[in-house]
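The values are calculated or read from the model by the stated rules, or taken from the named source; none is laboratory data. Because the structure is a prediction, the values reported are computed rather than measured. All Cβ positions, even for glycine, are placed from backbone atoms using ideal geometry, and neighbour counts span all protein chains on display.
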Amino acid sequence: MRQTTKYEFWVGLFLLLGIAALVFLGLKVANVQGFNEAKSYHISATFDNIGGLKVRAPLKVGGVVIGRVTDIELDPKTYLPVVKIAINQAYHDIPDNSSLSIKTSGLLGEQYVALSLGFDDGETTEMLKDGSKIIDTKSAIVLEDLIGQFLYGDKNKSEHADAGKESAEADSQ
Amino acid sequence: MIVNMISAFGRTAITFCRSLGSAGFMLWGALIGKPQIRKHFPLLIKQLHVLGVQSLLIIMLSGLFIGMVIGLQGYVVLVDFAAETSLGQLVALSLLRELGPVVTALLFAGRAGSALTAEIGLMKATEQLSSLEMMAVDPLRRVISPRFWAGVIAMPILAIIFTAVGIWGGSLVGVDWKGVDAGSFWSVMQNSVSWSYDILNGFIKSLCFAVSVVWIALFNGYHCIPTSEGISKATTKTVVNASLVVLGLDFVLTAVMFGAG
């Protein structure tokens, strides 16, 4: 009987050690946010191109995280991506003419949504609340489009310059 | 001679299938049945002590040293790219996803798996299993079943302890010795480690490894040739087969979980 209690004690200690390790992993390593889930309200926004944005990407104002992307879907009628975002309830004074843009953190980092506050003229602007839509959105910068503009934009410019020169010569004659 | 080789190959395949079948039968007999909590719970506790608590020392020490080595090697390479603040992410992800479950399984197979095989093989050789049957005690439910459940419970816990100690060891080397900024170390790690994608997947892996290692150990003990040479062969087979199965299963699980289609 004494032997059984000795075994039980050590096995109990072993299990406690395992639980402590799990808690350490959860809190200090993975930063599990689920337990201190602050109240949040949900808004949605439509973009032309979300680039590499993923669900649970942060929403930042001036670099400070105030919310998270909860859902990314295509609008069934217009086939444009609709992004649903949950914003911390503590930030309830955001005017609804604010704009959203998709930026990249660092050079190779993952993408996040940046919110620039619109102005509040005191009378007509409403604050964002649950279910609001943000209309002013800028899409993510897609590298291929950028390169395409660089390569073919020059050709367009030189065509314009030639056409300008021809019309100038035609005028002067 | 070619005919002999081919027929030997066929014989090996048939033996493999038969042993797979008898292993399945053994596990079925051990697990299926009315759970007799009052009789079997003390046995489970004793086996948890033997398999889990007595493996703690080797698991924690190995975890500590592996974490420190990854921290050191990672720092040496990352500092060339001025990216040493990502050291925490490197240590945590490699331990959580791969090294934690796999190395724990290999160490467990070597230490606890061989002990299980030798113990059950000796029980078979000294005819203790047959005496149990003659006393109308089912040896599968009294001997095999507590050891199986103890192994399946203990090994994932050991893997978690290994990973936690390893991450702490990596932080010892990175932050305390090499001078990586403590705040960035932990915050970059927290940003990149996801509960469901990394920690849970690592836990599922260690669960699969636990079942395979303990099953192989018990099967090799239960079906060994009941001589001293047979027991030694069975113990070797346990360690070799369990290690190979763990590594092969690791690749399959990694492809499924992290291969992204």
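So here's what we get for this one:
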| quantity | calculated |
| --- | --- |
| Count - residues of segment B:111-126 that are more than 14 Å from the chain's Cα centre (by Cα) and either on the phi > 0 side of the Ramachandran plot or not β-branched (Val, Ile, Thr) (or both) | 7 |
| Options B:LEU48, B:LEU57, B:LEU61, B:LEU132; residue that is in contact (Cβ under 8 Å) with a residue 60 or more places away in the chain and either in a helix (DSSP H, G or I) or surrounded by fewer than 17 Cβ atoms within 10 Å (Cβ to Cβ) (or both) | B:LEU48 |
| Residues located in segment B:215-230, provided they are surrounded by fewer than 18 Cβ atoms within 10 Å (Cβ to Cβ) and either part of a helix (DSSP H, G or I) or hydroxyl-bearing (Ser, Thr, Tyr) (or both) | B:THR227, B:SER228, B:GLU229, B:GLY230 |
| Residues that are among the aliphatic types (A, V, I, L, M) and under 16 Å from B:THR254 (Cβ atoms), drawn from segment B:183-210 | B:ILE199, B:LEU200, B:ILE204, B:LEU207 |
| Yes/no for B:ILE153 being surrounded by 23 or more Cβ atoms within 10 Å (Cβ to Cβ) and of a type in the set (A, V, I, L, M, F, W, C) | no |
| B:ALA118 being more than 13 Å from chain A (Cβ to nearest Cβ) and either closer than 30 Å to B:PHE41 by Cβ or not in a helix (DSSP H, G or I) (or both) | yes |
| Residue within segment B:184-195 that is under 15 Å from B:SER114 (Cα atoms) and within 14 Å of chain A (Cβ to nearest Cβ) present | no |
| Test: residue in segment B:152-159 that is more than 22 Å from the chain's Cα centre (by Cα), in a helix (DSSP H, G or I) and away from chain A (no Cβ under 13 Å) | no |
| A:PRO58 at pLDDT below 85, surrounded by 12 or more Cβ atoms within 10 Å (Cβ to Cβ) and within 20 Å of the chain's Cα centre (by Cα) | yes |
| Answer residue from segment B:231-246, given it is touching a helix residue (DSSP H, G or I) at 6+ places or on another chain (Cβ under 7 Å) and not hydroxyl-bearing (Ser, Thr, Tyr) and is surrounded by the most Cβ atoms within 10 Å (Cβ to Cβ) among those | B:ALA242 |
| The lone exception for B:SER243 - which of (1) within 15 Å of B:GLY110 (Cβ to Cβ); (2) within 14 Å of another protein chain (Cβ to nearest Cβ) it fails | (2) |
| Tabulated pairs, segment A:8-31, first at the interface with chain B (Cβ under 7 Å from one of its Cβ atoms) and without any contact (Cβ under 8 Å) to a residue 24 or more places away in the chain, second outside any helix (DSSP H, G or I) and of a type in the set (A, V, I, L, M, F, W, C), C-beta under 6 angstrom, 6+ apart or interchain | A:GLY26/A:VAL32; A:VAL29/B:VAL193; A:ALA30/B:VAL193 |
| Check on B:LYS205, basic (Lys, Arg), surrounded by 24 or more Cβ atoms within 10 Å (Cβ to Cβ) and away from every other protein chain (no Cβ under 14 Å) | yes |
| Enumeration of residues in segment B:207-261 that are closer than 22 Å to B:ALA154 by Cα, more than 13 Å from the chain's Cα centre (by Cα) and of a type in the set (A, V, I, L, M) | B:LEU218, B:LEU253 |
